[in-house]
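> Shown below is the structure under consideration.
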Amino acid sequence: MKGFSKLLLSLLVPLLLHSNGSLAAQPETTDKDIITNQHGKLVWADLYTGDVEASLKFYRDTFGWTVKAFAKDSAKYHIFYQGEHAIAGVLARDSKRNKTDNALWVGSIDTDNVASRSELSAKNNASIILAPHEFKLYGKRAVLADPQGGVIALLELDITNKNHQKISNKWDWAQLFSTDTKQAALFYQDTFDYKIEPINAKEDSFFLIQADMVQASIVKLPESFEQRDRWVNFIEVNNVATTLSKATFNGATIIYQQEDKGVAIISDPNGAFLGLTQQESE
């Protein structure tokens with residue numbers, strides 16, 4: 001679902017899903033240019049789950065992904081692959097520490113400096129869940145909860161590490177469902193240098209723009225959901241309907257589906273929300 005289109009998503013409430021179009025498209029020639037151009041974009045995701053084996057089986061069976069253990073000695077970190085491209089990581093979530101058995105997808109947005117952005121986020125009342133650390137695969141990483149509880153990771157890609165070239169480009173969009181969209185927009189503007197642009201006349205939903213690209217969005221959380229801010233990460237699939245059929249057969253629940261737009265959100269059997277968008281035909 002790449003390109004210049006804007007797709008309105010009415011997920012029980014008004015709103016948007018997608019525009020990954022450039023406001024000032026430029027030809028990219030170097031790794032540095034490419035990385036700079038995707039600052040603020042969802043580039044990676046990790047699935048935290050209380051049942052690693054069950055989660056691995058669901059995503060293998062539903063999406064056809066293969067799995068490799070990154071640390072063979074302990075198998076603490078698994079990586080999903082689609083062909084030769086890495087899709088996401090999977091690791092165990094401590095249910096006692098997190099007070100829940102539910103799994104959670106945490107998306108990583110590309111950033112220019114994990115350390116300074118983490119420090120600034122803390123000053124702006126975010127909670128640091130994982131302090132900046134070396135992510136051996138791709139660069140530096142940190143995980144935080146914004147002031148309203150939305151959990152998000154930061155990833156500073158190492159330009160000298162060519163592994164980042166093998167990351168799949170299937171992560172298509174990130175959307176924050178928020179109890180207070182204006183406060184959330186101001187936090188992401190002040191902390192990560194996003195430009196914010198109202199999506200509608202009510203100014204209760206916003207695009208997040210960086211590197212002259214619309215990278216994500218913030219929309220109102222429906223009252224029917226637990227009132228805690230939640231990021232939902234969208235991944236591109238060949239056919240949303242086919243994927244939904246496999247997902248429900250394998251135990252997932254459909255949270256939202258817009259058939260004519262090729263958009264859906266599922267909750268996997270362990271409770272992790274994941275958005276689906278349909279790959280555009282060439």
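> Using the Karplus curve 6.51 cos²θ - 1.76 cosθ + 1.60 with θ = phi - 60°, work out ³J(HN,Hα) for each residue of the range 198-210 in order, rounded to whole Hz, and write x for Gly and Pro.
Rounded to whole hertz, the list is x, 8, 10, 5, 6, 6, 10, 8, 9, 7, 10, 10, 8.
> A further question follows. What's the lysine pair count for the range 116-269 at a Cα cut-off below 17 Å, pairs eight or more apart or interchain? Spell out each step's value before the answer.
Details: LYS136/LYS162; LYS136/LYS166; LYS140/LYS162; LYS140/LYS166; LYS182/LYS195; LYS182/LYS202; LYS182/LYS220; LYS202/LYS220.
Counting lysine pairs in the range 116-269 gives 8.
> List the GluC sites (Glu not before Pro) within the range 198-258 that DSSP assigns to loop and that have no more than 10 neighbouring Cβ atoms inside 10 Å.
Those satisfying the criteria are GLU223, GLU226.
> In which sequence would PHE63, PHE225 go, from the one with the fewest C-beta neighbours within 10 Å to the one with the most?
Ascending number of Cβ neighbours within 10 Å: PHE225, PHE63.
No lab work stands behind these numbers, since they all come straight from the coordinates. Keep in mind that this is a model prediction, so the values were computed, not measured. Cβ atoms come from the backbone with ideal geometry, glycine included; neighbour counts cover every protein chain shown.
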